[in-house]
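The values are calculated or read from the model by the stated rules, or taken from the named source; none is laboratory data. All of these numbers come straight from a predicted model, not from anything done at the bench. In this analysis, Cβ positions are derived from the backbone assuming ideal geometry, glycine residues included, and neighbour counts consider all displayed protein chains. For the accessible areas, the whole protein counts, side chains as well, though only heavy atoms, and no ligand, DNA or RNA atoms are used. Shrake-Rupley method; radii C 1.70, N 1.55, O 1.52, S 1.80 Å.
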Amino acid sequence: MAEVKVKQESTDVVDIENRIKELCQQFPHGITDQVIQNDMPHVDAQQRAMAINRLLSVGQLDLLRSNAGLLYRLKDTQTASKMKGSDNQEKLVYQIIEDAGNKGIWSRDIRYKSNLPLTEINKILKNLESKKLIKAVKSVAASKKKVYMLYNVQPDRSVTGGAWYSDQDFESEFVEVLNQQCFKFLQSKAEAARDSKQSPMVQRNSSFATSHEVWKYICELGISKVELSMEDIETILNTLIYDGKVEMTIIVAKEGTVGSVDGHMKLYRGVNPIIQPTGLVKTPCGLCPVFDDCHEGGEISPSNCVYMAEWLDF
């Protein structure tokens, strides 16, 4: 009687597939073929391609394009279940929106990249929104412009305007309150240094505060309904510098010091001018951070400078 042989899948291929999935878990943003090759140098190109193609065919991997070439990324099981039954056009639009990241993409750009009719794109976008796979976010750059991004992605500050915007409106009163409180903190720091009766150099050094200290003070006040970052506070401190109320210095800091970036730390202190500045020094040009870029005929020029107009009116 002839012996019946049962064909079994090679355990080597299964091991390769499992290892590829482990690598994708270690690098959530995706891995290149070179990463797989470096991790498994003993596996030849044919076995590697067979394992990758199988994972792609069963829907466990996503194939993406990047500047580094092709990327393999572990497919989100929740997203995969929601995308089950979707046609190729819907998957294409979803992929384009996913590639846009946290800055989102306009429907016109989706149309350009997908070569699909606008009516079809609008239908697909509504369907993806109903499945809570994507969301539409209004951009502060254009009040009537909506960009699309994945549902669970936090929009970039360039889209939402960050802490200074609420429903696309600039919160000027909120910014003014932060200006006052930051300056008040630095003033109290300087007054405490003067009251210490120490040497002038020690008084000056102790009057400085880090941006982390200012940030902590503002957070403890509880005047903000949104979570402020140190970058937000440094933006406020920069406006105080431009107003001539604060000065900044940068020192070398030990690695790991709170508030330090790349071994450097910014220090701020409130200043009071000894005498009132002359009219020429008080011109906006004297404190303008884009002075070097200002020239007639450019995007920034004296003829369209609102600060110069306000100064002349005053």
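Of note:
- Failed condition for residue 302, given (1) open to solvent by 90 Å² or more (accessible area, probe 1.4 Å); (2) modelled with pLDDT of 80 or more: (1)
- Given (1) modelled with pLDDT of 80 or more; (2) loosely packed, with under 10 Cβ neighbours inside 10 Å; (3) in contact with a helix residue (DSSP H, G or I) (Cβ under 9 Å, 6 or more places away or on another chain), number of the condition residue 280 does not satisfy: (1)
- Region 217-233, residues that are in a helix (DSSP H, G or I) and surrounded by 16 or more Cβ atoms within 10 Å (Cβ to Cβ): 217, 218, 230, 232, 233
- Selection of region 285-299 for residues being open to solvent by less than 90 Å² (accessible area, probe 1.4 Å) and closer than 20 Å to residue 241 by Cα yields 285, 286, 287, 288, 289, 290, 294.
- Complete set of residues in region 168-213 that are among the aromatic types (Phe, Trp, Tyr) and either over 18 Å from residue 238 (Cβ atoms) or buried (at least 16 other Cβ atoms within 10 Å of the Cβ) (or both): 174, 183, 185, 208
- Among the candidates 131, 135, residue that is surrounded by 14 or more Cβ atoms within 10 Å (Cβ to Cβ), without any contact (Cβ under 8 Å) to a residue 60 or more places away in the chain, touching a Phe, Trp or Tyr at 6+ places or on another chain (Cβ under 6 Å) and basic (Lys, Arg): 135
- Residues satisfying the stated conditions in region 234-258, i.e. open to solvent by less than 90 Å² (accessible area, probe 1.4 Å), outside any loop (DSSP other than H, G, I, E, B) and under 20 Å from residue 184 (Cβ atoms): 234, 235, 236, 237, 238, 239, 240, 241, 246, 247, 248
- Residue 151 vs. criteria hydroxyl-bearing (Ser, Thr, Tyr) and surrounded by 16 or more Cβ atoms within 10 Å (Cβ to Cβ): no
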